[in-house]
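Enquirer: Here's a structure for you.
The values are calculated or read from the model by the stated rules, or taken from the named source; none is laboratory data. Computed from a predicted structure; not experimentally measured. Cβ: placed from backbone, ideal geometry, glycine included. Neighbour counts: every protein chain shown.
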Amino acid sequence: MEHTNVESKARSLAGWRLACLRWFKGDEAVASAVAADERQIGFSISTIVLFHNTCTINSLSHLFGRRRFATQDHSRNNIWLAFITMGEGWHNNHHYYPGAARQGFYWWEFDPTYYLLKVLSWIGLVRDLRPVPERVYDRAVSGP
């Protein structure tokens, strides 16, 4: 007995639920259910990756990197974490002045999340982005 591609996906992704749909409603219902399962898988994977990035920042950036500001905690700035987390790796900056829209305080600190927010502010979708005050730059332990 030969199986179609839709039937193979149905068996591997949803099992008995899709078999019931096919029996009651036909092949179109199976195709629709397979597409819904693929969307759920995509959502789950992206959510898991985002969660792990958050956990990575909250653990590794308290262990590895450099401290620009003297804070009460052990937060550090880490360029490698900044690249894989779209700018969140400038964790010591964030802990010292969490009110700023940007976490990379200097132009050479890669912070694409801030760049996106800036573009959205030009379009009018975001407003009132708080800059880093000059007094914060003056208090840096290891400056530019």
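Enquirer: As an exercise: evaluate TRP122 against (1) at positive phi; (2) part of a helix (DSSP H, G or I) and give the number of the one condition it does not meet.
Expert: (1)
Enquirer: State which residue pairs qualify: first residue within 22 Å of HIS95 (Cβ to Cβ) and outside the structural domain of HIS91 (by TED's automatic domain parsing) and inside region 108-133, second residue surrounded by 14 or more Cβ atoms within 10 Å (Cβ to Cβ) and of a type in the set (Gly, Ala, Ser) in any location, beta carbons under 9 Å apart, and separation of 6 or more residues or different chains.
Expert: none
Enquirer: Confirm whether VAL34 is modelled with pLDDT under 90, surrounded by 13 or more Cβ atoms within 10 Å (Cβ to Cβ) and not in a loop (DSSP other than H, G, I, E, B).
Expert: Values: modelled with pLDDT under 90: yes; surrounded by 13 or more Cβ atoms within 10 Å (Cβ to Cβ): yes; not in a loop (DSSP other than H, G, I, E, B): yes.
In short, yes.
Enquirer: Okay, next question. Go through region 96-119 and count every residue that is in a helix (DSSP H, G or I) and closer than 16 Å to ALA82 by Cβ. Step through it out loud before you land on a result.
Expert: Let us first name the residues in region 96-119 that are in a helix (DSSP H, G or I), namely 96, 112-119.
The next check asks that each one be closer than 16 Å to ALA82 by Cβ; those that pass are 96, 112-117.
Of the residues in that region, 7 qualify.
Enquirer: Let me ask something else. Taking the conditions exactly as written (buried (at least 16 other Cβ atoms within 10 Å of the Cβ) and closer than 23 Å to ARG67 by Cβ), does GLY99 satisfy them or not?
Expert: Criteria not met by GLY99.
Enquirer: Could you go through region 67-84 and let me know if any residue there is loosely packed, with under 12 Cβ neighbours inside 10 Å and of a type in the set (Lys, Arg).
Expert: Looking for residues that are loosely packed, with under 12 Cβ neighbours inside 10 Å and of a type in the set (Lys, Arg), one finds none in region 67-84, hence no.
Enquirer: Can you tell me which residues in region 68-83 are of a type outside the set (S, T, N, Q) and either touching a helix residue (DSSP H, G or I) at 6+ places or on another chain (Cβ under 7 Å) or at pLDDT 95 or above (or both)? Spell out how you get there, then give the answer.
Expert: Keep residues of region 68-83 that are of a type outside the set (S, T, N, Q), which gives 68-70, 73-74, 76, 79-83.
Result: ARG68, PHE69, ASP73, ARG76, LEU81.
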